[in-house]
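Trainee: Below you will find the structure I want to go over with you.
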Ligand code: ATP
Ligand code: MG
């Protein structure tokens, strides 16, 4: 009896002609995330993907694989040949193992016969194995409605036995929906925004803005740590670090204080768009949420949007901060995000930012700036790091 991790992918998105494209991408990602384990084998058995590995690695592999987008459920199963005697032995073994971990009074066998040529149908398998468990395991009874434990049995090219369906994140395999540039700050929101769009299959690279030496190297390291956590879900990412200190100084000297934030944000968008276009990305992604701060009013967002033509995805737009934090905690970016290092936005942030900026007024202020030159200088001096999972 070998142990394997089974992977179920969302059926809906995978129907039709594109199915093999999605499945192949998923298999490629799975092979990548488990590449450091010995003696693994990833294969398809009918509608599921299975990962064979050394028994002692199975728990760790299950945890890693759970973070791959496109997967709905995973299970840790025993894999055996298609033989009723082996199945009976396995069902009893599984029950005994689970009883050692917790008290189990009732059970139900839930069988699925994927291979219609197998000589027993699902109900016959359930009845047979149920009887064997009752005979061999003490103090236990069947409860078909609300059992303490399910013993799942699947008959495919091989047979699989397991007791737990572990929920994964769903979504689509990364890279099946184009590429986007995430504006990644060190805050709570943007890592969550990147996670959410990556979950929809976008391959992400990031742009991070800093105001070194006003912002510290530690603030920069914090962003790299965030990217490292995100890479567990999003795969390898390139981080373009852009110093916007000169841009901020120039805005500070030439534009009204109250417009500082909005104009800085328009520069951030323009630079991100340029980097996106140079690298064949088709969208920008931000962690903005309506009304969260002064620059995130509808008029503020409109003024920000008007500086670029690529679509801007804002997956958090309708979410409350508490819900965003919940996701940040779940994906483990939260603790890093709340480290108290300064962000470039705080360096010149105005006391009274405009909340209803008028585009004409903003554009008029910007006419005092040499926009193209400032952007060119910032991009020419950017540094790029690849964060590998
Ligand atoms: P976050 O928690 O993501 O920092 P926030 O609530 O602090 O968001 P803002 O500071 O207004 O909001 O930023 C809005 C969005 O602009 C961010 O979610 C991010 O996408 C982008 N952004 C802000 N600061 C930076 C930065 N220093 N580098 C890259 N992108 C940034
Ligand atoms: Mg921020």
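Trainee: For the chain, what is the percent of antiparallel DSSP beta bridges, rounded to the nearest 5? Working shown, then result.
Mentor: Values: 32 of 56 bridges.
Counting only bridges with both partners in the chain, antiparallel ones make up about 55 percent.
Trainee: Do you know the relative contact order of the range 2-169, to the nearest whole percent, from alpha carbon pairs under 8 angstrom that are 6+ apart? If you can, show how the numbers build up before the last one.
Mentor: Working: 280 pairs, mean separation 47.3, N = 168.
The normalised contact order for the range 2-169 reaches 28 percent.
Trainee: Let me ask something else. If you take the beta carbon distance between residue 217 and residue 302 as r and set R0 to 30 Å, what does 1/(1 + (r/R0)^6) give as a FRET efficiency, to the nearest 0.05?
Mentor: Numbers: r = 35 Å, r/R0 = 1.18.
Plugging the Cβ-Cβ distance into 1/(1 + (r/R0)^6) gives 0.25.
Trainee: Across the Cα atoms of the chain, what radius of gyration and what greatest pairwise Cα-Cα distance (Dmax) are found, in Å?
Mentor: Expressed in Å, the Cα Rg and Dmax of the chain come to 26.4, 86.
Trainee: Looking at the chain as a GNM with Cα springs under 10 Å, which of 332, 351, 222 has the largest mean-square fluctuation?
Mentor: 351
Trainee: Quick one: if the Förster radius is 35 Å, what FRET efficiency do residue 254 and residue 224 give, using the C-beta to C-beta distance and rounding to 0.05?
Mentor: Values: r = 33 Å, r/R0 = 0.93.
Once rounded, the FRET efficiency stands at 0.60.
Trainee: Can you tell me which of 102, 19, 356 moves the most in a GNM of the chain? Springs connect C-alpha atoms under 10 Å apart.
Mentor: 102
Trainee: Ok, one more. Just report the Cα centroid separation between the range 29-106 and the range 281-303, whole Å.
Mentor: What the calculation gives is 43 Å, centre to centre.
Trainee: Over the chain, what relative contact order in percent results from Cα pairs under 8 Å that are six or more residues apart? Before the final figure, lay out the partial values.
Mentor: Details: 725 pairs, mean separation 65.2, N = 389.
Averaging sequence separation for qualifying contacts and normalising by length gives 17 percent for the chain.
Trainee: Tell me whether the range 275-389 comes out rounded, prolate or oblate; compute the Cα gyration tensor, take square roots of the eigenvalues as a ≥ b ≥ c, and use a/c under 1.5 as the rounded threshold.
Mentor: On the way: a/c = 1.61, a/b = 1.20, b/c = 1.35.
Oblate shape, in that a/c is at least 1.5 and b/c is the bigger or equal ratio.
Trainee: A follow-up question, please. For the range 184-268, take the alpha-carbon Rg, divide it by the Kirkwood Rh, and send me Rg/Rh.
Mentor: On the way: Rg = 14.5 Å, Rh = 14.0 Å.
Across the range 184-268, the Cα-based Rg/Rh ratio is 1.03.
Trainee: Rounded to the nearest 0.05, what FRET efficiency do residue 351 and residue 373 give with R0 = 25 Å and r taken as the Cβ-Cβ distance? Could you check? Walk me through the intermediate numbers first.
Mentor: Details: r = 29 Å, r/R0 = 1.16.
Efficiency for this residue pair is about 0.30.
Trainee: Still on this structure, I have one more. Just to be sure I understand: of the beta bridges DSSP finds with both ends in the range 2-169, what percent are antiparallel, rounded to 5? Show your work: numbers first, answer last.
Mentor: On the way: 26 of 35 bridges.
Of the beta bridges lying entirely in the range 2-169, close to 75 percent run antiparallel.
Trainee: Please list the three semi-axes, largest first and in whole Å, of the ellipsoid equivalent to the range 179-387, using sqrt of 5 times the eigenvalues of its alpha carbon gyration tensor.
Mentor: Details: eigenvalues 125, 69, 57 Å².
Taking √(5λ) for each Cα gyration eigenvalue gives 25, 19, 17 Å.
Trainee: For the range 217-263 and the range 326-389, compute the distance between their C-alpha centroids and round to whole Å.
Mentor: One Cα centre to the other: 5 Å.
Trainee: I've got another one for you. As a check on your grasp of the helix formula, calculate [θ] at 222 nm for the chain: sum -39500 (n - 2.57) over DSSP H runs of n ≥ 4, divide by the residue count, round to the nearest 500.
Mentor: So the calculated ellipticity at 222 nm is -12500 deg cm²/dmol.
Trainee: Go through 307-315, 168-176 and give me the packing order, highest mean Cβ count within 10 Å leading. Intermediate results must be reported in sequence, preceding the final value.
Mentor: Numbers: 307-315: 17.6, 168-176: 20.7.
With the highest mean Cβ count within 10 Å placed first, the list reads 168-176, 307-315.
Trainee: So in the range 179-387, what percent of DSSP beta bridges are antiparallel if you round to the nearest 5?
Mentor: On the way: 5 of 20 bridges.
Here the antiparallel bridges make up roughly 25 percent for the range 179-387.
Any read-out appearing in this document is the output of simple, stated calculations on the displayed coordinates, not a laboratory observation. Bear in mind that the values here come from a model prediction, so they are computed numbers and not experimental data. Don't worry about glycine lacking a Cβ; one is built from the backbone with ideal geometry, like all the others, and counts go over all protein chains shown.
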